[in-house]
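Engineer: The structure under discussion is supplied below as structure tokens; questions concerning it will follow.
Throughout, read-outs are computed from the coordinates displayed, never taken from laboratory work. Small disclaimer: the values here were computed from a predicted structure and weren't measured. Methodologically, a virtual Cβ is constructed for each residue, glycine included, from the backbone with ideal geometry; neighbour enumeration extends over all protein chains shown.
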Amino acid sequence: MSLLSPALDMEGALNVPNGAEIARAAVPAHRSKSTSSVAFAPGAASDRNDTRLSTIALVLLEVSPAVRQAVYEYAYALQRLTQKIRIVVVSDGADLKEVRRYGWMVEHVLSRSDLAALEPSKDWAETTTDRLKRLVERLDVAHVLVADGRGIARTDHERLCRDIKSKLPFEAVARTPAA
Amino acid sequence: MTEHQYDADIAVYAPLRGRGAEQLSVYAALKTLARAGFLITLIDTSRRGETPAFAAVPSRVTELLSVDRIFLAGPGSAFRVQTAIVFRPSISTGPRDTGVTVVADSAVAVLDGAMAKRAAKADDEALEQLREELSGTGAALRAALSVAASAVDDLPALARLVEDTELTALEDVWDFQFPSAALAAQPRTAPLDEQVPRIGRHVVGAEPLWPEQEIDVRRVLPTTADWDVRFYGPHTRLIKLLGRTPPNWRMHSVVGPRDLETLDFWVPIVDDPQAIVEDPAVREAIAAGLLVILPFEMRRHFGEGAIYASAAGVRKLARQRHTEGTLFADQSRRAVNYARERSSDRILDVLAPLGTTESLAVRESAPPAYAPREGRDRFRVAFVTSNGAGMGHLTRLLAMARRMPEEIEPVFISLSQAVPVVAKFGFPYVYIASKNETGMKPSVWNAYSESRFREEFALLKPDVLIFDGTWPYRGLLNAAAAEGVRMVWSRRGMWREGVADRALSAAVNFDGIIQPGEFAAELDCGATTRMDDAHEVAPLTILDRSELLSREEAREHLGLRPGERGVLVTLGAGNLNNISDTTSVVVEALQKLGAPWRIFLTNNPIAAGVTAFEGVDSLDIYPIVEYANAFDFTVSATGYNSFHEWVMACVPTLWIPNLETQTDDQGARSRYAELAGVGVNVEDPSYESISRALTGLTEPGVLEKMRSRLEELWVDNGASAAAARLSTLVKEGVVRS
């Protein structure tokens, strides 16, 4: 069943996919490439024009502020320790100022509630899926890392580390969202 | 009173792809007639295939079609008009070939030299054709002799043509190419500067083709300090030719309505005679009473409207006229008279004897009013801001957005990371990363931003966007054009003196410009003061005075105890200058004041960091002006928002301008505030100068005096007027006249 189409569960209630599910269904985590042709602010990485950097889209849709903070700290540590990645944060949140502290670029996505208010006939899942596909192409993203309600999953971290050829234990970078 | 029902007052037959001189005449006629209130139907007589070099209709002509009194007639349409004016240069097709039927009470044929030449060669076919096509337009046919000064030699032939076609010749030669708007009220009596002649030119339209050799430019535009050279208009290729801008040249990229008043002598620089003849700028300079120096061969075209010299003789002639005041004044008078005799307003004198003196046409349908896109029941306006160093762009647009009428729905698209503040006011928003934030190279970011803007415009389908920023991004302009979004520019003044005016040339992309006013406008000497393309409103603030909390409420919210006096320190975001040092100095100086002063410090929504001081209350409130009445005075930067908010709220202020801004002249605002007696200006934020200022400010009676002076100077918030103007532009489009 497609995650993009709301489906009825056993009880008959609408089972609407959340932001993380939409993102995972929209774009593959790995795009069979290791570096990106588009240079932009590298944040904690060394040099904007370093063509060896691998661009990662860090997707945070419908994620709580506490989880966001934990994910930012995780990504910052990952970037600091590997010096191999360039991060673009894909977010529907209002914490642009917080992201700025890390020096990362933000691709802002219209929130579900704003889209519903502006364009009631448009489906947020479809709109966001299109959006993610375009941004991945536009910024020549190599990897997509999706945060869900608990943050970044261990398996996603390990896959990413394999892709960027870094040995970095999940425990070394993972943060627990504040209660 | 006529018994006819007129569909339009005047039908103008003219080739829209005409050559320069003919087109100037057509353009001047249309503009004058529209301004006089006539309803005009314009019938294009461009002859297909014969004017490949002039295939594009010049933008100034297409712009005229935006005037709601001029409309293009389509094939198969029919009109009853008071008068038909038939511009019939040889390059045009005959009225009958247009497929438009016009019945006129009177008609004027404006014929050019080439037509006359054909007739003079006893070209019976041409004569017959002309007679036939003109007789088709109606009764009481008259003819005017041509417009083009180049046809002066052909006047006898034209006269014969008129006679042969049995038309009645008008007394005047139709040579009304001088825009009446450009006419100087009075000729010049003396050069502007006794010591240094001012010479230069302005450009109408695109950058001309300059001479190929650098020396040919230097001959007429001297590069030595004993000349003051000024240039207005596009000039990229000119500077490229010279390699650099000579120190005595002042270059401006756009032309303001009063720029010609800054010149004594006007030189075309170009050496192509045809280009000079066709250049409307030459006529504007003559009309302004400048001493226009043209090559000798131009005398037959411009008579005593100009003076003449070879390229090598330009400086000598200008120097001589500059020195001899009588010669200068005499020529200026001759130039103005020459233009007045040929002013486009005189077209009305030609039409009056024909009985066409006022508009009698009833337009069946009003110009189409805009309807919301996508079948929506409300117009959607995208409030677009650049990133900026502070909150100015967002706050100005918020001030307008929250005053929009119910039928308009705002959505914010911003390059500012502070954009989430708009959600507090109930507005949805989208953020697009700015060039600085992405760290991309300009060319990469332009493509990126265009892609992002297009994406959002395609999704949200705004009817109109209003952009607040100094520099309209290429990506934004391209995206708006591609997605069919009309554009309005919120362009504040107070640019620093010397800041290049190139951004102003982007004005042509906008359907309207709104200029948020300036309390300190008297000290504004920036580039926007040369322009008159904007609708200016009073200074904007996000809140009206009536929306501020009362002193009691505000003090209670902030926890101010009885007997305590509040002072707020708000020095901007600190994204351009290092405000942490200044803040520390200010706080230290304030703390020395001791009781009863209690210090508050704002934490700006866009600031990269947070500063905290012991014994100082940090405030994270937007907009902080809501609490203005709690403070006895403030220590503030002089960005647009802060400045006008404290002035509006009548809070005396120690002003510390941020002198590192790219465009905004914060120093001028600060100086003006002190001159006006509503604050103290401290441009050097040292401990000594701040302490001194604070001591003066807190002396008995000083704050009260400033407050009462603020009350005297207080003006209503311009936000409602700006919102009303925007609303009109959204619903009715641009009304040009």
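Engineer: Take every DSSP beta bridge whose two residues both sit in the protein assembly as shown, then give the antiparallel share in percent to the nearest 5.
Structural biologist: Among the beta bridges of the protein assembly as shown, antiparallel pairing accounts for roughly 5 percent.
Engineer: When only DSSP loop residues count, what GluC sites (Glu not before Pro) in the stretch B:594-697 have their Cβ near at most 10 other Cβ atoms within 10 Å?
Structural biologist: Here the sparse-neighbourhood loop sites are B:E614.
Engineer: Take every Cα pair under 8 Å in chain A that's 6+ residues apart, average their separations, divide by the length, and report that relative contact order as a whole percent.
Structural biologist: 31 percent
Engineer: Treating the beta-carbon of each Lys and Arg as +1 and of each Asp and Glu as -1, no other charges, what is the dipole magnitude of the stretch B:276-420 about its Cα centre, to the nearest 20 debye?
Structural biologist: The dipole magnitude comes to about 560 debye.
Engineer: Which residues' amide hydrogens lie under 5 Å from the amide hydrogen of B:V86, considering only partners 5 or more residues apart or on another chain, with H built in the peptide plane?
Structural biologist: Distant-sequence amide H within range of B:V86: B:Y13, B:V108, B:A109, B:V110.
Engineer: If you don't mind, another one. Could you give the dipole magnitude of the protein assembly as shown about its Cα centre, charging the beta-carbon of Lys and Arg +1 and that of Asp and Glu -1, in debye to the nearest 20?
Structural biologist: It works out to roughly 2420 debye.
Engineer: Which GluC sites (Glu not before Pro) in the stretch B:184-240 pass both tests, a DSSP loop state and at most 10 other beta-carbon atoms within 10 Å?
Structural biologist: B:E194, B:E212
Engineer: Then there's this: In terms of modelled amide H atoms, which long-range or inter-chain residues lie less than 5 Å from the amide H of B:L72?
Structural biologist: Placed amide hydrogens put B:L42 under 5 Å from B:L72.
Engineer: Right, next: Go through B:A721, B:V537, A:V63 and say which Cα lies farthest out towards the positive end of the charge dipole of the protein assembly as shown; charges sit on Cβ, +1 for Lys and Arg, -1 for Asp and Glu.
Structural biologist: About the Cα centre, the residue reaching furthest to the positive side is A:V63.
Engineer: Relative contact order of the stretch B:379-537: what whole-number percent is it, with Cα pairs under 8 angstrom and at least 6 residues apart? Spell out each step's value before the answer.
Structural biologist: Details: 277 pairs, mean separation 30.6, N = 159.
Computed value for the stretch B:379-537: 19 percent relative contact order.
Engineer: Further question on the same structure: Inside 10 Å of the C-beta atoms of B:433-442, what's the mean count of C-beta atoms belonging to other chains?
Structural biologist: 6
Engineer: About the Cα centre of chain A, what is the dipole size in debye to 20, counting +1 per Lys and Arg Cβ and -1 per Asp and Glu Cβ, all else neutral?
Structural biologist: It comes to approximately 920 debye.
Engineer: In this model, which of A:K33/A:K84; A:K97/B:K461; B:K461/B:K731 are farther than 20 Å apart at the alpha-carbon?
Structural biologist: Violating the 20 Å limit, Cα to Cα: A:K97/B:K461.
Engineer: With the dipole of the stretch B:643-737 worked out from charges on the C-beta (+1 for Lys and Arg, -1 for Asp and Glu) around the Cα centre, which of B:N681, B:Q662, B:L703 lies farthest toward the positive end?
Structural biologist: The residue sitting farthest along the positive end of the dipole is B:Q662.
Engineer: While we're here: Taking the Cβ-Cβ separation of A:F170 and B:L659 as r and a Förster radius of 41 Å, what is the calculated FRET efficiency to the nearest 0.05?
Structural biologist: With a Förster radius of 41 Å, E is 0.25.
Engineer: In addition: With runs of 4+ DSSP H residues as the only contributors, calculate the mean residue ellipticity of the protein assembly as shown at 222 nm using -39,500 (n - 2.57) per run, divided by the residue total and rounded to the nearest 500. Walk me through the intermediate numbers first.
Structural biologist: Working: 31 runs with 306 residues, N = 916.
Calculated mean residue ellipticity at 222 nm is -10000 deg cm²/dmol.
Engineer: Then there's this: So which aspartates and glutamates pass the test for B:K316, namely a Cα distance under 20 Å, with those fewer than 8 places away in the same chain ruled out?
Structural biologist: B:D193, B:E194, B:E214, B:D216, B:D226, B:D228, B:D264, B:D271, B:E297, B:E304, B:E324, B:D330
Engineer: For peptide B:458-470, compute the average count of partner chain beta-carbon atoms within 10 Å of each residue's beta-carbon.
Structural biologist: Values: counts 1, 8, 6, 2, 1, 0, 0, 0, 0, 0, 0, 0, 0.
Partner Cβ neighbours, averaged per residue: 1.
Engineer: Let me ask something additional. List every residue whose amide H lies under 5 Å from the amide H of B:R80, counting only residues 5 or more places away in sequence or on a different chain, with H placed 1.01 Å from N in the peptide plane.
Structural biologist: Under 5 Å from the amide H of B:R80: B:D7, B:A8, B:V103.
Engineer: Once you average over the residues of A:111-120, how many Cβ atoms of partner chains fall within 10 Å of each Cβ?
Structural biologist: 4
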